[in-house]
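Nothing in this text is a laboratory measurement; each read-out follows from the coordinates by a stated rule. Predicted model only: the values in this text are computed from it and were never measured. All Cβ positions, glycine included, derive from the backbone under ideal geometry; neighbour counts span all protein chains shown.
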Amino acid sequence: MTPAAESTGTLPATAMPSARRLLVDPTFWAVWGLALLVFVLDRVTKAWAEQVLAPVGTIPLAGEWLRFTYVRNTGVAFGLGAGKALPLVAITLVALAMVGALAFSARSRTWPRSIALGLIIGGAAGNLLDRARWGSVIDFVDFGFRHNWWPVFNAADSAITVGVILFALTLLGESGGSHERHAPAPDPSGGAGGPA
């Protein structure tokens, strides 16, 4: 311990117990703060859809491109698996536990990965609450053109999709960086790297 640390009674970050380092890391709290924000946004928008949109069914917004349409989705995101007897609550709980465990991993202590996990956890929790209460999820964002319409979705679906894509990009970046670190150094003489 350095004299300064001794005088203040604090430990350098590398000397802290792992649990304490986790609790003082802003990227750890960013996961749960963002997850809470996504969850609240999802609840507010679904409450609006239930109270305002459900009685009228559809509200046009941008001609044939965008509208709000009230739908009860018994499947997963974007209506996939609708009408099938899938144990979606149990599947979501398991997936949510796995993603939550990732939030406690030291490898997740980066801002892009923390943001990705926060989006996924908040969105999954929002849809999970719907399924546990009603056996279906409220969807309302509806866009497309003429006869080509994307499946109706909600704010939670959007957060999960963006989070999964962002997390996948961090994995690709990590893989690329690993290859660069293990690549042989170029030979200044112009030959191949590595021992002769």
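Restricting the range 13-67 to chymotrypsin sites (Phe, Trp or Tyr not before Pro) that sit in a DSSP loop and have at most 15 other Cβ atoms within 10 Å of their own Cβ leaves W65. The gain in end-to-end length when the N148 to L61 segment is fully stretched comes to 29.7 nm, 0.36 nm per residue minus the alpha carbon separation. Residue exposure proxy: R113, R20, R67, R133, ordered by other Cβ atoms within 10 angstrom of their Cβ from fewest to most, comes out as R133, R20, R67, R113.
Net length available on complete extension from L36 to V24 is 2.5 nm, with 0.36 nm assigned per residue and the Cα-Cα distance removed. Only Cα pairs under 8 Å and 6+ residues apart enter the sum, and on that basis the relative contact order of the range 34-175 stands at 34 percent. Overall, the anisotropy analysis places the range 34-175 in the prolate class: the square-rooted eigenvalues a ≥ b ≥ c of its C-alpha gyration tensor yield a/c not less than 1.5, with a/b exceeding b/c.
So the label point goes 7 Å from the Cα of V164 along Cα→C-beta, right? Which residues of the range 97-132 then have their backbone N under 13 Å from it? Taking a point 7 Å out along Cα→Cβ of V164, the residues of the range 97-132 whose backbone N falls under 13 Å are 120-121, 123-124.
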